[in-house]
Amino acid sequence: MKIGVPKEIKNNENRVAMTPYGVADLVRLGHVVYIQSGAGSESGFADQDYVQVGGSILPGIEDVYAASDMIVKVKEPIEQEYSLVRPGQIVFTYFHFAADEKLTAAMKNSGAICIAYETVERADFSLPLLLPMSEVAGRAAVQAGARALERPYGGKGVLLGSLPGVKPGKVLVLGGGVVGTSAALTAGGMGADVTICDISIPRMRYLSEILPPNVKTLLSSEHNIRCELPHVDLVIGAVLIAGAKAPKLLTRSMLSLMEPGSVVVDVAIDQGGCFETSRPTSHSNPTYVVDGVLHYCVANIPGAFPRTSTLALTNATLPYVVLLAVKGWKQACREHVDLKKGLNIVEKQIVHLGVARAWNLPCVDVEAVLN
């Protein structure tokens, strides 16, 4: 198979979808891998690193799309890439279709096979391709929130860690999944007073066992969140419903409960955001203010840490890329249920219920496209 790795062109997206060692594995199996010139530079991989392991460098993004049977990316194609996607071409990346109607329509019209990292799901309901970036995002969200709390950035001037005779900053984490757990561990490690909310009692029992003493658990409900907001400095939104829009846990009216200069970080912005007042921002312009509360809603938080993120992501995605390359998408999805769940759009048909429901579109049974 001919596999293409284009350079990411989303704002400040510095990751690349494949490391040289990933290319080496595919070439060893007899596949051809095209890498756009400069695709790996921000992650610390030069064109020569790919050439040395058998990869082929192409000059432009159009060349990579035109030459490849499968495109492997990090983030969803943006508007200038829509016309480059061909009928029957496999596109394997983070899509987050439920948050982007225009992207959904474009990929549906393209006739491509769209396999989304974020909906590949194992039998135990874990999301192996979302997990490594969720870990990065959870840790980085606390760092971003801590920076936004600094007075020069518009925050209330609170340090999350405690000092002798001074109480620590207070952090509220909404969601006890991978992002939320990583955020709570990071904030707790900084010495903050942390509360993490979830709707699952068994999950909270588990979190109570593994998290440090300065991290407390609380059942997630509107009442409990409202009671916490007047006392917190930083809120991390970390909820996820795989393949579907995130629920709105923080309404605009609830912002009035928070002190001016408080910060909210919406890690769920890729799925539409879990705060009513959230809108996507970028690393170059990461924050805005609503009713005195700073909002940080960068849609590709791990892109700020490209070396770490690229290595972690490739570790997770490469086995699936190999499966798709060796067996073809139909056989690979028939034999591997986790990969089958990654199918979102197949040759102009939506096959993922969450995506179909998000935009009130028909959904075709995935088994019908695999026969």
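The values are calculated or read from the model by the stated rules, or taken from the named source; none is laboratory data. This is a predicted model, so every value here is computed, not measured. Note that each Cβ is placed from the backbone with ideal geometry, even for glycine, and that neighbours are counted across all protein chains shown. Accessible surface is based on the protein model in full, side chains and every heavy atom, while ligands, DNA and RNA are left aside. Shrake-Rupley method; radii C 1.70, N 1.55, O 1.52, S 1.80 Å.
If you check residue 268 against the conditions, is it open to solvent by 10 Å² or more (accessible area, probe 1.4 Å) and under 30 Å from residue 122 (Cβ atoms)?
No.
Comparison of 345, 301 shows that the only residue that is at pLDDT below 95, β-branched (Val, Ile, Thr) and either in contact with a strand residue (DSSP E or B) (Cβ under 9 Å, 6 or more places away or on another chain) or open to solvent by less than 60 Å² (accessible area, probe 1.4 Å) (or both) is 301. Restricting attention to the stretch 326-371, and to residues there that are among the polar types (S, T, N, Q) and either in a loop (DSSP other than H, G, I, E, B) or out of contact with any Phe, Trp or Tyr (no Cβ under 8 Å at 6 or more places or on another chain) (or both), which single residue is farthest from residue 119 (Cα to Cα)? By that ranking, first place goes to 371. Every condition in (1) within 23 Å of residue 25 (Cα to Cα); (2) open to solvent by 60 Å² or more (accessible area, probe 1.4 Å); (3) touching a helix residue (DSSP H, G or I) at 6+ places or on another chain (Cβ under 7 Å) is met by residue 331 except one, and the failing one is (3).
Contact map, the stretch 325-337: residues that are modelled with pLDDT of 95 or more and acidic (Asp, Glu) paired with residues that are buried (at least 16 other Cβ atoms within 10 Å of the Cβ) and in a helix (DSSP H, G or I), Cβ distance under 9 Å, separation 6+ or inter-chain. Pairs shown: 335/323; 335/327.
Please determine whether any residue of the stretch 281-293 is more than 12 Å from the chain's Cα centre (by Cα), surrounded by 22 or more Cβ atoms within 10 Å (Cβ to Cβ) and closer than 23 Å to residue 78 by Cα. No: zero hits. Please go through the stretch 304-324 and pick out each residue that is more than 30 Å from residue 273 (Cβ to Cβ) and open to solvent by 10 Å² or more (accessible area, probe 1.4 Å). Scanning the stretch 304-324 gives 318, 319, 322, 323.
So that you can scan it fast, the table gives a plain yes or no per residue for (1) buried (at least 19 other Cβ atoms within 10 Å of the Cβ); (2) among the acidic types (Asp, Glu); (3) in contact (Cβ under 8 Å) with a residue 24 or more places away in the chain; (4) at positive phi:
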residue: 9; (1), (2), (3), (4): no, no, yes, no
residue: 16; (1), (2), (3), (4): yes, no, yes, no
residue: 35; (1), (2), (3), (4): yes, no, yes, no
residue: 40; (1), (2), (3), (4): yes, no, yes, no
residue: 57; (1), (2), (3), (4): no, no, no, no
residue: 63; (1), (2), (3), (4): no, yes, yes, no
residue: 68; (1), (2), (3), (4): yes, no, yes, no
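Picking from residues in the stretch 224-244 that are outside any helix (DSSP H, G or I) and open to solvent by 40 Å² or more (accessible area, probe 1.4 Å), the one that is farthest from residue 192 (Cα to Cα) is 241. The condition of being open to solvent by 70 Å² or more (accessible area, probe 1.4 Å) and in contact (Cβ under 8 Å) with a residue 40 or more places away in the chain holds for residue 170. Could you grab me the full set of residues in the stretch 196-218 that are open to solvent by 80 Å² or more (accessible area, probe 1.4 Å) and under 25 Å from residue 256 (Cβ atoms)? Those that are open to solvent by 80 Å² or more (accessible area, probe 1.4 Å) and under 25 Å from residue 256 (Cβ atoms): 199, 216.
In the list 192, 187, 112, 105, which residue meets the criterion of being buried (at least 20 other Cβ atoms within 10 Å of the Cβ), modelled with pLDDT of 95 or more, within 21 Å of the chain's Cα centre (by Cα) and of a type in the set (A, V, I, L, M, F, W, C)?
Every option except 187 fails the conditions.
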